Amino acid sequence: QVQLAESGGGSVQAGGSLRLSCAASGRTFGPYPMGWFRQAPGKEREFVTSISTSGERTYYADSVKGRFTISRDNAKNMVYLQMNSLKPEDTAVYFCAQSRGRVIIPRQTNDVGYWGQGTQVTVSS
């Protein structure tokens, strides 16, 4: 089993920043491609960003390009999401995710093998 635990969520005003962390534990069997998804009230869970096993490749949804940065520290079993220039539309529960086997990079919910419990991010105008 793999457990993913997010932290760092909170409330900020538009234009502010937050840094989310995801700690992986259990039988991870080494690093896997990881990602962040988010789900706002009344909306489907959507892709935000993902990162390759080594960290050399990253992908971002158009809505967050230039504002969010994903990174990882495999020695610490950690994945991070730095969120800058936050907008009210970024308000959502943010989920850390680990790819299923045979998935190179998670880009949709079906690509995910393990989910964190989520952490709330609220951006006020």
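Some observations on this one:
- For q = 0.13, 0.18 Å⁻¹, Debye-computed log10 I/I(0) when each Cα of segment 1-72 counts as one equal scatterer: -0.45, -0.85
- Short-range pairs are left out: with C-alpha atoms under 8 Å and at least six residues apart, the relative contact order of the chain is 35 percent.
- For the residues I104, I51, I70, a GNM of the chain with alpha-carbon springs under 10 Å puts the largest fluctuation on I104.
- Working from label points 7 Å from Cα in the Cα-to-Cβ sense, the S11 to S54 distance is 4.4 nm.
- Positive dipole terminus of the chain, leading residue within Q98, Y80, G118 (C-beta point charges): Q98
- Angstrom value of the Kirkwood radius, inverse mean 1/r, which spans all Cα pairs in the chain: 14.2
- With 0.36 nm allotted per residue and the present C-alpha distance subtracted, the E89-S25 stretch has 19.9 nm of extension available.
- Once the Cα-Cα distance is subtracted from the 0.36 nm per residue extended length, the I105 to A40 segment shows a gain of 21.1 nm.
- Over all other residues within a Cβ to Cβ distance under 14 Å of W36, the charged ones net out to +3, with Lys and Arg as +1 and Asp and Glu as -1.
- Surrounding net charge for G16, when Lys and Arg each add one and Asp and Glu each subtract one, Cβ distance under 13 Å: +2
- Inter-label distance for K65 and Q117, nm, one decimal - labels placed 7 Å from Cα along Cα-to-Cβ: 3.6
- Average accessible surface for segment 63-125: 51 Å² per residue, computed with a 1.4 Å probe over protein heavy atoms with every protein chain in place.
The values are calculated or read from the model by the stated rules, or taken from the named source; none is laboratory data. Just so it is clear, the structure is predicted and the values come from calculations on it, not from any experiment. Cβ coordinates were reconstructed from backbone atoms using ideal geometry, including for glycine residues, and neighbour counts include every protein chain displayed. The accessibility values were calculated without ligands, DNA or RNA, using every heavy atom of the protein model including side chains. Shrake-Rupley method; radii C 1.70, N 1.55, O 1.52, S 1.80 Å.
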